[in-house]
1. Just to check your reading of the model, which residue among A11, A65 is in a loop (DSSP other than H, G, I, E, B) and of a type in the set (A, V, I, L, M)?
2. Restricted to the stretch 73-114, and to residues that are in contact with a helix residue (DSSP H, G or I) (Cβ under 7 Å, 6 or more places away or on another chain) and outside any helix (DSSP H, G or I), which residue is surrounded by the fewest Cβ atoms within 10 Å (Cβ to Cβ)?
3. Report every pair of residues separated by at least 6 positions or lying on different chains whose Cβ atoms are under 9 Å apart, first residue within the stretch 5-34 and modelled with pLDDT under 85, second part of a loop (DSSP other than H, G, I, E, B) and of a type outside the set (F, W, Y).
4. Being within 15 Å of V100 (Cβ to Cβ) and of a type in the set (G, A, S) is the filter here, so list the residues in the stretch 30-44 that pass it.
5. Quick check on my filter: what residues within the stretch 53-76 are at pLDDT 90 or above and in contact with a Phe, Trp or Tyr (Cβ under 7 Å, 6 or more places away or on another chain)?
Amino acid sequence: MLKYFVASGFAIDWVSIILDYAVAYAAVGLAGLFKHKDKQVWLAALVGSVARFIVHYISGVTVYARWMPEKFMGMKMTSPFFYSLIYNGGYMLPCAVLAVVVCLALMVPLKKFLRGEDLR
(Lines give C-alpha, C1' and ligand atoms only; values in the text may rest on other atoms or scores of the structure.)
Protein backbone atom coordinates (compact mmCIF):
# COMPACT_ATOMS: atom_id res chain seq x y z
CA MET A 1 0.00 0.00 0.00
CA LEU A 2 2.93 2.34 0.65
CA LYS A 3 4.00 1.98 -2.96
CA TYR A 4 0.59 3.23 -4.08
CA PHE A 5 0.47 6.20 -1.76
CA VAL A 6 4.15 7.22 -1.69
CA ALA A 7 5.44 6.23 -5.14
CA SER A 8 2.58 7.62 -7.24
CA GLY A 9 0.87 4.32 -7.84
CA PHE A 10 -1.85 3.98 -10.47
CA ALA A 11 -5.24 2.44 -9.87
CA ILE A 12 -8.68 2.53 -11.46
CA ASP A 13 -10.69 2.04 -8.29
CA TRP A 14 -10.43 0.63 -4.79
CA VAL A 15 -10.51 -2.98 -6.09
CA SER A 16 -7.42 -2.38 -8.19
CA ILE A 17 -5.68 -0.73 -5.23
CA ILE A 18 -6.38 -3.76 -3.07
CA LEU A 19 -5.44 -6.34 -5.72
CA ASP A 20 -2.44 -4.65 -7.32
CA TYR A 21 -0.85 -3.32 -4.18
CA ALA A 22 -2.02 -5.08 -1.02
CA VAL A 23 -2.77 -8.61 -2.26
CA ALA A 24 -0.10 -8.82 -4.99
CA TYR A 25 2.75 -7.83 -2.71
CA ALA A 26 1.38 -9.93 0.14
CA ALA A 27 1.48 -12.89 -2.25
CA VAL A 28 5.24 -12.41 -2.51
CA GLY A 29 5.25 -13.52 1.12
CA LEU A 30 4.70 -17.08 -0.10
CA ALA A 31 8.46 -17.09 -0.61
CA GLY A 32 8.59 -17.55 3.17
CA LEU A 33 7.51 -21.15 2.67
CA PHE A 34 11.17 -21.79 1.85
CA LYS A 35 12.48 -20.09 4.99
CA HIS A 36 14.79 -22.87 6.16
CA LYS A 37 15.72 -24.26 2.76
CA ASP A 38 19.07 -22.58 2.07
CA LYS A 39 19.62 -24.15 -1.34
CA GLN A 40 16.14 -23.21 -2.55
CA VAL A 41 16.36 -19.45 -2.15
CA TRP A 42 16.00 -19.16 -5.93
CA LEU A 43 12.80 -21.21 -5.75
CA ALA A 44 11.44 -18.89 -3.06
CA ALA A 45 12.03 -15.93 -5.40
CA LEU A 46 10.30 -17.77 -8.22
CA VAL A 47 7.28 -18.74 -6.11
CA GLY A 48 6.89 -15.19 -4.80
CA SER A 49 7.11 -13.78 -8.32
CA VAL A 50 4.62 -16.27 -9.77
CA ALA A 51 2.18 -15.59 -6.93
CA ARG A 52 2.45 -11.84 -7.55
CA PHE A 53 1.94 -12.37 -11.30
CA ILE A 54 -1.21 -14.41 -10.67
CA VAL A 55 -2.76 -11.61 -8.62
CA HIS A 56 -1.82 -8.98 -11.22
CA TYR A 57 -3.22 -11.24 -13.95
CA ILE A 58 -6.54 -11.59 -12.13
CA SER A 59 -6.66 -7.84 -11.63
CA GLY A 60 -6.02 -7.31 -15.33
CA VAL A 61 -8.77 -9.71 -16.36
CA THR A 62 -11.35 -8.39 -13.91
CA VAL A 63 -10.64 -4.71 -13.27
CA TYR A 64 -8.60 -3.43 -16.19
CA ALA A 65 -10.43 -5.39 -18.92
CA ARG A 66 -12.79 -2.42 -19.38
CA TRP A 67 -9.84 -0.28 -20.48
CA MET A 68 -8.20 -2.87 -22.72
CA PRO A 69 -6.86 -1.13 -25.84
CA GLU A 70 -7.83 -2.31 -29.31
CA LYS A 71 -4.15 -2.77 -30.18
CA PHE A 72 -1.31 -3.58 -27.83
CA MET A 73 2.28 -4.21 -28.90
CA GLY A 74 1.12 -4.36 -32.52
CA MET A 75 -1.45 -7.07 -31.83
CA LYS A 76 -5.22 -6.77 -31.96
CA MET A 77 -6.62 -7.34 -28.48
CA THR A 78 -9.85 -9.33 -28.38
CA SER A 79 -9.47 -11.13 -25.07
CA PRO A 80 -8.82 -9.62 -21.64
CA PHE A 81 -7.17 -12.92 -20.68
CA PHE A 82 -4.58 -12.58 -23.43
CA TYR A 83 -4.15 -8.84 -22.84
CA SER A 84 -3.53 -9.36 -19.12
CA LEU A 85 -1.08 -12.17 -19.86
CA ILE A 86 0.91 -10.03 -22.31
CA TYR A 87 0.78 -6.84 -20.23
CA ASN A 88 1.60 -8.37 -16.85
CA GLY A 89 3.97 -10.97 -18.27
CA GLY A 90 5.87 -8.18 -20.01
CA TYR A 91 7.16 -6.78 -16.74
CA MET A 92 6.76 -9.71 -14.35
CA LEU A 93 8.84 -12.17 -16.39
CA PRO A 94 11.94 -9.93 -16.34
CA CYS A 95 11.35 -9.22 -12.62
CA ALA A 96 11.10 -12.93 -11.86
CA VAL A 97 14.20 -13.79 -13.90
CA LEU A 98 16.16 -10.99 -12.22
CA ALA A 99 15.05 -12.11 -8.74
CA VAL A 100 16.04 -15.72 -9.42
CA VAL A 101 19.41 -14.75 -10.95
CA VAL A 102 20.24 -12.43 -8.04
CA CYS A 103 19.32 -15.15 -5.52
CA LEU A 104 21.46 -17.70 -7.37
CA ALA A 105 24.38 -15.26 -7.56
CA LEU A 106 24.16 -14.49 -3.85
CA MET A 107 23.94 -18.13 -2.72
CA VAL A 108 27.72 -18.70 -2.82
CA PRO A 109 28.89 -15.54 -1.01
CA LEU A 110 26.10 -15.76 1.56
CA LYS A 111 26.56 -19.48 2.23
CA LYS A 112 28.49 -18.80 5.43
CA PHE A 113 25.61 -16.64 6.76
CA LEU A 114 22.92 -19.12 5.78
CA ARG A 115 24.71 -21.99 7.48
CA GLY A 116 25.40 -20.00 10.63
CA GLU A 117 29.19 -20.38 10.29
CA ASP A 118 31.62 -18.17 12.12
CA LEU A 119 32.45 -14.92 10.28
CA ARG A 120 36.26 -15.02 10.68
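The values are calculated or read from the model by the stated rules, or taken from the named source; none is laboratory data. Here the structure is a predicted model, which means the values were calculated and not measured. Using ideal geometry, Cβ is built from the backbone for each residue, glycine included, and neighbour counts are taken over all protein chains shown.
1. A11
2. Selected residue: M73.
3. Note: pairs meeting the criteria are G9/M1; A11/V63; I12/V63; D13/V63.
4. Answer for the stretch 30-44, where residues must be within 15 Å of V100 (Cβ to Cβ) and of a type in the set (G, A, S): A31, A44.
5. G60, V61 - these are the residues of the stretch 53-76 that are at pLDDT 90 or above and in contact with a Phe, Trp or Tyr (Cβ under 7 Å, 6 or more places away or on another chain).
One line per residue, one yes/no per condition, for (1) surrounded by 14 or more Cβ atoms within 10 Å (Cβ to Cβ); (2) within 17 Å of S16 (Cα to Cα); (3) without any contact (Cβ under 8 Å) to a residue 24 or more places away in the chain:
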| position | (1), (2), (3) |
| --- | --- |
| A45 | yes, no, no |
| F53 | yes, yes, no |
| Y64 | yes, yes, no |
| K71 | no, no, yes |
